[in-house]
Amino acid sequence: MGKTMAITGNIAIAIAMKQINPDVVAAYPITPSTEIVQQFSSYVADGAVDTEYIAVESEHSAMSACIGASAGGGRVMTATSSQGLAFMWEMLYIAAGYRLPIVLVCVNRALSAPINIHCDHSDSMGARDASWIQLYAENAQEAYDNTIQAFRIAEEMDVRLPVMSCLDGFIISHSIENMTILEDEEVRRFIGDYKPLNPLLDLENPATVGAIDLQDYYMEHKRQQHEAMLNAKKVILSVGKEYGKLSGRSYGFFEEYRLDDADVAIVVMSSAAGTVKDIVDEYRSKGIKAGLLKPRVFRPFPAEEIADALKNTKAVAVLDRADSFGASGGPLFPEFRSALYDVPNPPKMINKIFGLGGRDFGPDDVRGVFDELVAIKDTGKIKSLKEYITVRE
């Protein structure tokens, strides 16, 4: 069942990559994901993997090389952050449109300007409509586990879409945690041999990739991507269950923490969920029925399952570590609110923007949100639908 190690999130990802042993890794270093490819390149140099490592001149080139290698029939991955992901923007859509099962580890970092190297989710949230499956991790263990599962999800023939495995920059990427690493052979058996689909290097069965796609077929191809996303939902659940049998850690679309009978609940993803769990326990000890829903899968968005999980709450705060400027809330809020639209007597919902650029998010911030939710539950009145917290006004 593996061994326990005290390592950073970045090193955990590098170990997962070594165990997966992809055919090609193309990457350009950027803080705070640099340590991943730095460590992995040492595995390449030492002969610990068979991977062709391509040190490219930019992140745009990194994703371009990944696309070429994947289209050629290889198992491919990369890692990046922030402006690096933004520089890949054009190629993200091409990778998904070509239905290439590339895995990208995104170490979440704020987008400039002003320049900032610390965590928020503006980078991956900006790519939420690029037709990449998105997984988010609370800690290094989940980041390691998600990265391994990402290959099984991406490579399923009913899916064949790229996957972005996200972890919070510095908070998870550079913090040392005790976690369990599977044995190399366990990982390789779990992901299995790669089965390419219509590879360009199959000279006996030539295919065209990148042909012009005008009014005749473009819309049908976009519809196929939508269907692939829907197919991914059942694959994500089946892979998460199978991984649980292997590791003892099962995964679904989200984690429910003391949510069954909750009157008030916070929705927050990634590392901030750990802080919220502590305050949930504190408020429960006071007799307040508080709970947490921690999203793991943002794309495909599990709307029906979320509605079922939150339908009995009275007030919900959705916390976004990114903003959608000019919109009615951050990226998460409109989707969660929409998911609950048809629920009988839906909960009152508010949105909090927090932690941008790495701003600390502490217990008192969580207490303030729960106190506001209790007041909303008792009065039925919302003072502010969207509000910044952890900010100097």
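The values are calculated or read from the model by the stated rules, or taken from the named source; none is laboratory data. Everything numeric here is computed off the predicted structure, so don't read it as measured data. Here the Cβ is made from the backbone with ideal geometry for all residues, glycine too, and neighbour counts use every protein chain on show.
Candidates in the stretch 218-231 are the residues that are under 14 Å from ALA96 (Cα atoms) and of a type in the set (A, V, I, L, M); of these, the one that is surrounded by the fewest Cβ atoms within 10 Å (Cβ to Cβ) is MET229.
Condition (residue is within 24 Å of ASN21 (Cβ to Cβ) and surrounded by 15 or more Cβ atoms within 10 Å (Cβ to Cβ)) applied to the stretch 198-217: is it met by at least one residue? Within the stretch 198-217 (the criterion being within 24 Å of ASN21 (Cβ to Cβ) and surrounded by 15 or more Cβ atoms within 10 Å (Cβ to Cβ)), the answer is yes, since at least one residue qualifies. Considering VAL239, VAL209, VAL235, VAL267, the condition of being of a type in the set (A, V, I, L, M, F, W, C) and at pLDDT below 95 is satisfied by VAL209 alone.
The test for being within 21 Å of the chain's Cα centre (by Cα) and hydroxyl-bearing (Ser, Thr, Tyr) does not hold for THR208. Selection of first residues in the stretch 65-94 that are on the phi > 0 side of the Ramachandran plot and of second residues that are small (Gly, Ala, Ser) and crowded, with 23+ Cβ neighbours inside 10 Å, restricted to Cβ pairs under 7 Å at least 6 apart or on distinct chains, gives the following pairs, ordered by first then second residue: SER82/ALA110. Taking the stretch 104-157 as the range and being among the aliphatic types (A, V, I, L, M), over 10 Å from the mean Cα position of the chain (by Cα) and farther than 22 Å from MET91 by Cβ as the test, the residues that pass are ALA113, ILE115, ILE117, ALA140, ILE148, MET157. Counting residues in the stretch 81-95 that are farther than 26 Å from SER122 by Cβ and under 24 Å from the mean Cα position of the chain (by Cα) gives zero. Hey, can you tell me all the residues within the stretch 1-58 that are closer than 18 Å to VAL107 by Cβ and touching a Leu at 6+ places or on another chain (Cβ under 6 Å)? Listed by number, the list holds a single entry, GLY9. Within the stretch 206-226, no residue that is under 15 Å from ARG160 (Cβ atoms) sits with its Cβ atom under 6 Å from a residue that is assigned to a helix (DSSP H, G or I) and among the basic types (Lys, Arg) at 6+ positions apart or across chains. Of a type outside the set (S, T, N, Q), closer than 19 Å to ALA6 by Cβ, modelled with pLDDT of 95 or more and in a helix (DSSP H, G or I) - does that describe any residue in the stretch 151-169? No, the conditions are met nowhere in the stretch 151-169. Please determine, by comparing only the residues of the stretch 324-383 that are basic (Lys, Arg) and assigned to a helix (DSSP H, G or I), which one is surrounded by the fewest Cβ atoms within 10 Å (Cβ to Cβ). By that ranking, first place goes to ARG367. The set of residues in the stretch 50-62 being buried (at least 16 other Cβ atoms within 10 Å of the Cβ) and either of a type in the set (D, E, K, R) or under 11 Å from VAL25 (Cα atoms) (or both) consists of THR51, TYR53, ILE54, VAL56, GLU59, ALA62.
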